[in-house]
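Have a look at the structure below before the remarks.
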């Protein structure tokens, strides 16, 4: 849900006022309420655990920050707050804001972003796909555990869907998984995961 402000926020104003408030992100100067719910957080927490195990097993220099904002384009007042971000710690020395704020501006610092779909599903399936691809993020997962997305994105009949988007050139190639399917991640080949494993109880 977007909030109408008397005037658009700049990226710097958003960082000053809302960087510690997990409920909001910024899109074209507009404050967006991410509408988190308990089930949404349960799915995100379970996924983060599974990703963390895979990173540890592969002995990669990656981690999942507790808080992180992504600035997709320097000239647009947008700040994204994905549900999960996997960062390459060896690349953070190049990040201009990292020492002061947990803000990522360079796509090469990010290995994976995950969005757990809520009622504002259009953004996850459309705009963020473009933004994350432009940044060059190798994988983007869209976890639609309630089957909220439009049929153009998840098909008919609508059902819980886990989409792994792998970057190919400058566009993502999506692969969809349903309940019972083993999810394959080129980025995390040892990952053993099904959508069923992360659903809220």
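Looking at residue 182 and the list (1) closer than 19 Å to residue 126 by Cβ; (2) in contact with a strand residue (DSSP E or B) (Cβ under 8 Å, 6 or more places away or on another chain); (3) without any contact (Cβ under 8 Å) to a residue 24 or more places away in the chain, which single condition is not satisfied?
Among (1) closer than 19 Å to residue 126 by Cβ; (2) in contact with a strand residue (DSSP E or B) (Cβ under 8 Å, 6 or more places away or on another chain); (3) without any contact (Cβ under 8 Å) to a residue 24 or more places away in the chain, the lone unmet condition for residue 182 is (1).
Can you confirm whether segment 44-61 contains a residue that is in contact with a helix residue (DSSP H, G or I) (Cβ under 7 Å, 6 or more places away or on another chain) and exposed (fewer than 15 other Cβ atoms within 10 Å of the Cβ)?
Yes; the residues of segment 44-61 include at least one that is in contact with a helix residue (DSSP H, G or I) (Cβ under 7 Å, 6 or more places away or on another chain) and exposed (fewer than 15 other Cβ atoms within 10 Å of the Cβ).
Please indicate, with yes or no, whether at least one residue in segment 38-52 is over 21 Å from residue 144 (Cα atoms) and modelled with pLDDT under 95.
Narrowing segment 38-52 to residues over 21 Å from residue 144 (Cα atoms): none.
The answer is no, given that none of the residues of segment 38-52 is over 21 Å from residue 144 (Cα atoms) and modelled with pLDDT under 95.
For segment 70-84, does any single residue satisfy the condition of being closer than 23 Å to residue 191 by Cα, outside any loop (DSSP other than H, G, I, E, B) and in contact (Cβ under 8 Å) with a residue 12 or more places away in the chain?
Of all residues in segment 70-84, those closer than 23 Å to residue 191 by Cα come to 82-84.
Restricting the remaining residues to those that are outside any loop (DSSP other than H, G, I, E, B) gives 84.
Narrowing the set further to residues that are in contact (Cβ under 8 Å) with a residue 12 or more places away in the chain leaves 84.
Yes; the residues of segment 70-84 include at least one that is closer than 23 Å to residue 191 by Cα, outside any loop (DSSP other than H, G, I, E, B) and in contact (Cβ under 8 Å) with a residue 12 or more places away in the chain.
Take segment 125-169 and flag every residue that is outside any strand (DSSP E or B) and without any contact (Cβ under 8 Å) to a residue 24 or more places away in the chain. Walk me through how you get there before you give the answer.
First pass over segment 125-169, keeping only residues outside any strand (DSSP E or B): 125-138, 145-160, 169.
Once the filter is applied, which keeps residues that are outside any strand (DSSP E or B) and without any contact (Cβ under 8 Å) to a residue 24 or more places away in the chain, segment 125-169 yields 126, 130, 147, 151, 152, 154, 155, 156, 157, 158, 159, 169.
Of all residues in segment 58-68, which are at pLDDT 95 or above and either within 16 Å of the chain's Cα centre (by Cα) or part of a loop (DSSP other than H, G, I, E, B) (or both)?
Within segment 58-68, the first condition is being at pLDDT 95 or above, and the residues that meet it are 58-65.
Within segment 58-68, 59, 60, 61, 62, 63, 64, 65 qualify.
Could you go through segment 157-170 and let me know if any residue there is at pLDDT below 95, surrounded by 12 or more Cβ atoms within 10 Å (Cβ to Cβ) and closer than 23 Å to residue 81 by Cα.
No, the conditions are met nowhere in segment 157-170.
Could you tell me whether any residue of segment 134-146 is surrounded by 19 or more Cβ atoms within 10 Å (Cβ to Cβ), over 15 Å from the mean Cα position of the chain (by Cα) and within 17 Å of residue 185 (Cα to Cα)?
no
Consider residue 55 carefully, then state whether it is part of a helix (DSSP H, G or I), within 25 Å of residue 177 (Cβ to Cβ) and touching a strand residue (DSSP E or B) at 6+ places or on another chain (Cβ under 9 Å). Outline the logic, then answer.
Working: part of a helix (DSSP H, G or I): yes; within 25 Å of residue 177 (Cβ to Cβ): yes; touching a strand residue (DSSP E or B) at 6+ places or on another chain (Cβ under 9 Å): yes.
It is true that residue 55 is part of a helix (DSSP H, G or I), within 25 Å of residue 177 (Cβ to Cβ) and touching a strand residue (DSSP E or B) at 6+ places or on another chain (Cβ under 9 Å).
Go through (1) over 16 Å from residue 113 (Cβ atoms); (2) in contact with a helix residue (DSSP H, G or I) (Cβ under 8 Å, 6 or more places away or on another chain); (3) in a helix (DSSP H, G or I) and name the single condition residue 98 misses.
Residue 98 satisfies all of (1) over 16 Å from residue 113 (Cβ atoms); (2) in contact with a helix residue (DSSP H, G or I) (Cβ under 8 Å, 6 or more places away or on another chain); (3) in a helix (DSSP H, G or I) except (3).
Testing residue 92 on (1) within 17 Å of the chain's Cα centre (by Cα); (2) over 30 Å from residue 148 (Cα atoms), one condition comes back false. Which one is that?
Here residue 92 meets the rest and fails (1).
Residue 151 is checked against (1) surrounded by fewer than 20 Cβ atoms within 10 Å (Cβ to Cβ); (2) touching a helix residue (DSSP H, G or I) at 6+ places or on another chain (Cβ under 9 Å); (3) modelled with pLDDT under 95 and fails just one. What number does that condition carry?
Failing condition for residue 151: (2).
Could you check segment 68-89 and list, in sequence order, the residues that are more than 22 Å from residue 127 (Cβ to Cβ) and out of contact with any strand residue (DSSP E or B) (no Cβ under 9 Å at 6 or more places or on another chain)?
If the condition is that a residue be more than 22 Å from residue 127 (Cβ to Cβ) and out of contact with any strand residue (DSSP E or B) (no Cβ under 9 Å at 6 or more places or on another chain), then no residue fits.
Counting only residues that are assigned to a loop (DSSP other than H, G, I, E, B) and over 22 Å from residue 51 (Cβ atoms), how many does segment 108-124 have?
Of all residues in segment 108-124, those assigned to a loop (DSSP other than H, G, I, E, B) come to 117-120.
Adding the requirement that they be over 22 Å from residue 51 (Cβ atoms) leaves 119-120.
So the count comes out to 2.
The values are calculated or read from the model by the stated rules, or taken from the named source; none is laboratory data. Worth saying up front: this structure is predicted, and the values here are computed from it rather than measured. We place every Cβ from the backbone using ideal geometry, glycine too, and count neighbours over all the protein chains shown.
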